[in-house]
Amino acid sequence: MSEIEEEFDRSPEAEMASLKEKATQIGVEFGAKIGLETLRQRVAVALTTPPEEEGPPDTSGLSKQEKFMKVREHLRKTELALVRVRIANLNPDKVEWPGEIITVVNKYLGAVRKFVPFGEATDNGYHIPQILLTQLKARKFLQKRTKTDPRTGDIQVTTRFVPEFGIEIMKPLTEKEVADLAASQASTRGID
């Protein structure tokens, strides 16, 4: 279990304290009245963003702008690479949603935004950028369970944070499957 996942198995107050400590350590700014979900997302994004390079240019003689462009190019190759996934929505509050627009923003890539469908629409696989997959894996929701005590009749409510999505990473399409898909889309005017 990762350090982030351990934080979500705690009470909301303990999680908030832990996230504030983590945010302070990694330099994420937050206000005194920040919400738990907002802070959780800021920390998740900060952990997926490479640290800013500071100081004098390295020995290869690159300027600060050249370093920025080098990091940006590396992130474009790694974080914008498409991953084929099957996604199941586990949040009962979003059971009727066909999907959701997921957005991740950082200074190197700008805003990466995509509508991500859930359920049957992804049964044969759906391609999303790696950076959005990382965000989906980090998302949690508060699961509430009620139980009646048989002795007293009191209703006990227990809560815990659980993953919002069930994500299965699938094998990439073969060249033949890509060709068949392209032919199918061309015949239905999906592409020109």
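Please treat every number below as a calculation from the coordinates, not as lab data. Nothing here was measured: the structure is a model prediction, and the numbers come from that model. Because the Cβ atoms are built from the backbone with ideal geometry, glycine has one as well, and the counts that use them run over all protein chains shown.
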- prompt: Applying the Karplus parametrisation 6.51 cos²θ - 1.76 cosθ + 1.60 with θ = phi - 60° to the phi angles of segment 85-102, what ³J(HN,Hα) value in whole Hz is obtained for each residue in order, glycine and proline being reported as x?
  reply: 9, 10, 10, 10, 7, 9, 7, x, 6, 10, 4, 8, 6, x, x, 8, 7, 9
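Can you give the relative contact order of the chain as a percent, counting alpha carbon pairs under 8 Å and 6+ residues apart? Could you put the intermediate results ahead of the total?
Details: 210 pairs, mean separation 41.7, N = 192.
Relative contact order, the chain: 22 percent.
Any of 70/114; 20/171; 22/64 with alpha carbons more than 30 Å apart? Name them for me. Walk me through the intermediate numbers first.
Values: 70/114 25 Å; 20/171 38 Å; 22/64 28 Å.
In this structure, 20/171 exceed 30 Å between Cα atoms.
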task: Hey, for a label at residue 169 modelled as a point 7 Å past Cα toward Cβ, could you say which residues of segment 106-143 have their backbone N under 17 Å away?
output: 125-139
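On full extension of the chain, what length is gained from residue 21 through residue 155, given 0.36 nm per residue of separation minus the C-alpha to C-alpha distance?
On the way: separation 134, 0.36 × 134 = 48.24 nm, distance 3.40 nm.
Extra length available between residue 21 and residue 155 comes to 44.8 nm.
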message: Checking the cross-link filter: which lysines have an alpha carbon closer than 17 Å to that of residue 144, excluding same-chain neighbours under 8 positions apart?
response: 94
query: Taking the Cβ-Cβ separation of residue 179 and residue 76 as r and a Förster radius of 22 Å, what is the calculated FRET efficiency to the nearest 0.05?
result: 0.30
message: Quick query: amide H of residue 83 versus all other amide H atoms, modeled in the peptide plane; which residues come in under 5 Å with a sequence gap of 5 or more or a different chain?
response: 128, 130
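Add +1 for every Lys or Arg and -1 for every Asp or Glu among the other residues with Cβ under 14 Å from the Cβ of residue 156, and state the total.
Working: positive: 144, 145, 147, 151, 160; negative: 149, 154.
With Lys, Arg at +1 and Asp, Glu at -1, the net is +3.
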